[in-house]
Amino acid sequence: MSFEPVYISRRNALRAGAGAAAVAGLGAGQLAGASGASAAAPADLSDTAYIMSCDEWGARPPAGELSTRTGSTRRIVVHHMAFPNTMDFSMEAAIACAERVQYIHMDKNGWSDTGNHFSISRGGHVLEGRHGSLDALEDGGYQIVSAHAVGQNTQSIGIENEGTYIDELPTGKLWWSLVQLSTTICTQYGFGAQNITGHWDWNNTQCPGAKFYSTFPLLRLHVAKRLGQDPSTIPARTWPDTFTSCAGATVRTLQHLLNTQGFNLVADGAFGPATLAAVRAFQTAHGFPTASDGTMTGPTWEALAPEIGMGATGSAVLGVQSILATKLYAVKATGTFDRATWVAVAKLQALHGLRVTGRVDLSTWCAALGGVVEENFRGLKGQAGLESELVVPEAETLPPVTLAADGVVASDAPATQFEEFPVDQDVQEGL
């Protein structure tokens, strides 16, 4: 596949500098700020100079007219591409990756253009995906209708990340660029870091990968810090507004929870007519507003989710076990809240900054279902939390379950898993 990359930006001189260095044969990773990989927050959070437009990387024109949606953008959906974890971090590799994505989406899937709004390479280079997405981002008042996640294409910005992250972390270069791009998107569209989600929160998929997803609490915290987000603006719990276009683990857990209320649903992860009817009936019985698409509101989730702990049995236990297993915690969906379930719940609570009790309360349910809890942002209040070190013990090394009634506060995922100033990884011979 051939291409003629254009490095001279129409926006400012930064891209011109990157282009000059590229022409001179310098690796893009050697350019301070050119890849967006620096951990330092930019002075202007709305600056998009680090994003290479479709015209600049030589994207094919769309096969058809692209639609826009005004005033609807309210979250980010993060993906991985399920491509090989290449060790080529060059700008040329990033462009080749974007070309491959566009080829698959247009020529294989039959879409009008690349499905995602933006992509990030393993070298930390940020590229526009679907035509018009960069102009829309710079405007902040509208978005291009996309094709990255069913049910989210008119209300979210989709970011594809090169690589596969089921059991491997992304590069530091990619991760810090994701922090920067997420900060820009939140700034331009006017929402907070609690609205950063993963593809599998909405659809039946392994994307963005369990290992990558485990870094999302830290991702949200870093974005919130860059935004200067006021902790008082972050709700105690931001629940997923699951509805009929959704599928997968969250819907399956919803079905298990509805079965605790006397419904008899097949927990297949498909939000079909029976699930819709059950949601609407439950909402009506509790005096909650209903929607034609069965949207799950925060109050609906909070009325539906029971507190459960060691020794509990039944559909609610199946619900939490099934979603924990999907996220690759070492637990099986047996319907009995056993030792392995307690350990998995404790690890989940620690990851999200929650008080570790091993019991599933409302905030634990929220975190498990793909929602966001305010404890994720303790660092904004000067409290110990996501930036302290975490050593999660294995099950056999844990003491008996004799915690105090109100639990203990655990440390969380270490910030040191991503370099503060990322460098290219070494390529070993034979790998």
Could you say whether any residue in the stretch 88-95 is part of a helix (DSSP H, G or I), out of contact with any Gly (no Cβ under 9 Å at 6 or more places or on another chain), of a type outside the set (Val, Ile, Thr) and at negative phi? yes
Reported set for the stretch 303-338 where residues are at positive phi and of a type in the set (A, V, I, L, M, F, W, C) is LEU328
- Test ALA368 against the stated conditions and say whether it is at pLDDT 85 or above, within 16 Å of ALA236 (Cβ to Cβ) and of a type in the set (A, V, I, L, M, F, W, C). yes
Open to solvent by 10 Å² or more (accessible area, probe 1.4 Å), more than 21 Å from HIS352 (Cα to Cα) and in contact (Cβ under 8 Å) with a residue 40 or more places away in the chain: does that describe GLU168? no
Looking at the stretch 152-162, can you tell me whether even one residue there is more than 14 Å from the chain's Cα centre (by Cα) and among the small types (Gly, Ala, Ser)?
no
Here is a check on your reading of the model: is GLY198 closer than 22 Å to SER133 by Cα, surrounded by fewer than 19 Cβ atoms within 10 Å (Cβ to Cβ) and of a type outside the set (Val, Ile, Thr)? no
Log entry, pairs with first residue in the stretch 127-151 being under 23 Å from THR242 (Cα atoms), second being open to solvent by 10 Å² or more (accessible area, probe 1.4 Å) and aromatic (Phe, Trp, Tyr), beta carbons closer than 7 Å, six or more apart or on different chains, reads ALA147/TRP111; GLY151/PHE243
query = Regarding SER363, is this residue in contact with a strand residue (DSSP E or B) (Cβ under 9 Å, 6 or more places away or on another chain) and surrounded by fewer than 24 Cβ atoms within 10 Å (Cβ to Cβ)?
reply = yes
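Conditions (1) open to solvent by 40 Å² or more (accessible area, probe 1.4 Å); (2) closer than 30 Å to GLN206 by Cα, marked per residue:
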site	(1), (2)
ASP47	yes, no
ILE51	no, yes
GLU56	no, no
SER67	yes, yes
HIS80	no, yes
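Please enumerate the residues belonging to the stretch 139-161 that are in a strand (DSSP E or B) and open to solvent by less than 30 Å² (accessible area, probe 1.4 Å).
GLN143, ILE144, SER156, ILE157, GLY158, ILE159, GLU160, ASN161 - these are the residues of the stretch 139-161 that are in a strand (DSSP E or B) and open to solvent by less than 30 Å² (accessible area, probe 1.4 Å).
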For the stretch 98-111, pairs from a residue that is within 10 Å of ALA59 (Cα to Cα) to a residue that is at pLDDT 95 or above and of a type in the set (Ser, Thr, Tyr), with Cβ under 7 Å and 6 or more apart or across chains, are ALA98/SER119; GLN102/THR114
GLU168: passes all of (1) assigned to a loop (DSSP other than H, G, I, E, B); (2) of a type outside the set (S, T, N, Q); (3) touching an Asp or Glu at 6+ places or on another chain (Cβ under 6 Å) but (3)
Pairing a residue in the stretch 249-270 that is free of Cβ contacts under 8 Å to residues at least 12 places away in the same chain and polar (S, T, N, Q) with any residue that is open to solvent by 20 Å² or more (accessible area, probe 1.4 Å) and assigned to a helix (DSSP H, G or I), where Cβ atoms lie under 9 Å and the two sit 6 or more apart in sequence or on different chains, gives ASN264/ALA274
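The values are calculated or read from the model by the stated rules, or taken from the named source; none is laboratory data. Keep in mind that what you see is a predicted model, and the values were worked out from it rather than measured. Using ideal geometry, Cβ is built from the backbone for each residue, glycine included, and neighbour counts are taken over all protein chains shown. What goes into the accessible areas is simple: the full protein's heavy atoms, side chains included, and nothing from ligands, DNA or RNA. Shrake-Rupley method; radii C 1.70, N 1.55, O 1.52, S 1.80 Å.
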